[in-house]
Amino acid sequence: MSLLRIPTPLRPYANGQKEINVQARTVGEALFVLTDCYSGLRPHLFTPDGQLRAFINLFLNDEDIRQLQGLDTPIKESDQLILIPSIAGG
Amino acid sequence: MLNTISLSRYEILRYSRHLLIPEVGLEGQRKIKAASVLVIGTGGLGSPVALYLAAAGVGRIGLVDYDVVDESNLQRQVIHGTQRIGDLKVDSAKARLEDLNPEIQIDTYNEPFTSENAMRIAEEYDILIDGTDNFPTRYLINDVCVLTGKPNVYGSIYRFEGQVSVFDARSGPCYRCLFPEPPPPGMVPSCAEGGVLGVLPGTVGTLQATEALKLILGIGTSLKGKLMLYDALDMSFTFVNLKKNPNCKICGEHPEITHLIDYEAFCGVPGHDHDEGSAGKDWDIEPLALAEMLKQNRPVHLIDVREPHEVEISSIPGEKLIPLGQLASHLSELDSAEDIVLFCKTGTRSTRALELLVSAGFRKVKNLRGGINAWAQEVNPDLPIY
């Protein structure tokens, strides 16, 4: 199981959880599992036509998936997928 | 210019603890004295940034803020004080910094940082520090830095989490490389709406000051090309790698943005963190008008879209609590034939709730202008304002 870290602004849509274990082969599949469990997250992560929203950054361990194979990036059991949203408080 | 900078005997005594560090020494302290830093925002982040840079002896510090000090600031904006409530924040901050270190120059800009004045103000400074509280100004600061070739020491916070980086498009990614687009309006609550642990900006702002000093001194490994994520609850620090986006609209191989734009239009939100409280006169109901409706026993459903822990602070009798994040899944419980009044703390979340209901076909729905805080002010002064 890989670990998916949910940032604070999105936790209300994931039942308050900050970390979720997912069984998936790719980043895209992990997000599918996540939004299948918590459908309230879907509109925050994806556009109506299924594209990942540009203000959501996904890092596999410490690398941006845009520098890897995007949603097709394979993931291993020990991997951590981190969702990093924009925050603007100051 | 560094050759002309010298330290007085008084300054040598003041900065002795810096001079004792081999990586700083006299030469480093002279670099700090020669440096000029613009701090945009004198609030949660700006407070520790400005205090520590002043303490360090940065020769020239510019402060940009158009706001005044109020009570709710003092939970975290430690550069200000109770005696300064009602004062301009830049004046309050300047007075504190001059007390801390009268040897340095403090410039103040009591105006919002906008496309009209940003280049003029930033021109005088080597480094910009993002201590703001809204997306439009963050994109503006980034673009100013990219277009003028200056580093942007970035920090941002929400509740218990913070982010820190140094964006320098001359040699790495800029803010737009990481966040090419802002979130949709209302998706990420501000500190005014969502709250923030008061000490959090103290930590994040101090880290920003650390990065600024490292840039000035040319020592250590900066956060350029990295984003630091801080979670105060876990006390965890996570570092991820950032790379320049070759398609970045401002610092990429074929930039489309070559001058400053309308950032409020780009982000769809105003360039400040104040709760707006109004859905427009056609959709608002004034607190006194609602009070009159209730007094006349006219049927109305009061829907509170705040979080459960806020109801303990203040509530309106007869209200039904449906937190905003759950409203969409509770729409079937609401009768569109009945009058509904939505409210929250000051009217921002309830305005979004109203938009949701209207898009679902509800028409007999109003937003309580100013939220329960306005209700407390105008109808029931026994309720606290928060």
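Worth a mention:
- Within region B:244-270, being touching an Asp or Glu at 6+ places or on another chain (Cβ under 7 Å) and either within 11 Å of chain A (Cβ to nearest Cβ) or not β-branched (V, I, T) (or both) holds for B:P246, B:K249, B:L260, B:P270.
- Enumeration of residues in region B:148-162 that are within 12 Å of chain A (Cβ to nearest Cβ) and surrounded by 22 or more Cβ atoms within 10 Å (Cβ to Cβ): B:Y154, B:G155, B:S156, B:I157, B:Y158, B:E161, B:G162
- Spans of strands (runs of 3 or more DSSP E) in chain A with at least 1 residues among the hydrophobic types (A, V, I, L, M, F, W, C) and facing chain B (nearest Cβ under 9 Å): A:56-60, A:80-85
- Looking only at region B:195-214, and only at residues there that are in a helix (DSSP H, G or I) and facing chain A (nearest Cβ under 9 Å), the one that is surrounded by the fewest Cβ atoms within 10 Å (Cβ to Cβ): B:L200
- The residue pairs whose first member lies in region B:156-182 and is more than 14 Å from B:M228 (Cβ to Cβ), whose second member is of a type in the set (S, T, Y) and assigned to a loop (DSSP other than H, G, I, E, B), and whose beta carbons are closer than 7 Å, counting only pairs six or more residues apart or on different chains, are B:F179/A:S86; B:P182/A:S86.
Let's see how each residue does on (1) at pLDDT 95 or above; (2) surrounded by fewer than 14 Cβ atoms within 10 Å (Cβ to Cβ):
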| site | (1), (2) |
| --- | --- |
| B:G220 | yes, yes |
| B:K224 | yes, no |
| B:N247 | no, yes |
| B:C251 | yes, no |
| B:Y263 | no, no |
| B:S278 | no, no |
| B:L288 | yes, yes |
| B:E310 | no, no |
| B:P323 | no, no |
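- Residue in region B:229-243 that is farthest from the other protein chains (Cβ to nearest Cβ), counting only those that are surrounded by fewer than 20 Cβ atoms within 10 Å (Cβ to Cβ) and assigned to a loop (DSSP other than H, G, I, E, B): B:M235
- Conditions (1) away from chain A (no Cβ under 14 Å); (2) at pLDDT 95 or above; number of the one not met by B:I5: (2)
- Matching residues, region B:164-185, being within 16 Å of the chain's Cα centre (by Cα), assigned to a loop (DSSP other than H, G, I, E, B) and within 11 Å of chain A (Cβ to nearest Cβ): B:P182, B:P183
- Scan of region B:13-26 for residues that are free of Cβ contacts under 8 Å to residues at least 12 places away in the same chain and assigned to a helix (DSSP H, G or I), ordered by number: B:L13, B:S16, B:R17, B:L19, B:G25
- Consider region B:114-141 and keep the residues that are among the polar types (S, T, N, Q) and either away from every other protein chain (no Cβ under 14 Å) or closer than 14 Å to B:C267 by Cα (or both). The one that is surrounded by the most Cβ atoms within 10 Å (Cβ to Cβ) is B:T137.
- For region B:290-308, residues that are among the charged types (D, E, K, R), outside any loop (DSSP other than H, G, I, E, B) and buried (at least 17 other Cβ atoms within 10 Å of the Cβ) total 1.
The values are calculated or read from the model by the stated rules, or taken from the named source; none is laboratory data. Here the structure is a predicted model, which is why all the values come from computation and not from measurement. Virtual Cβ from ideal backbone geometry, glycine too; neighbours counted across all protein chains shown.
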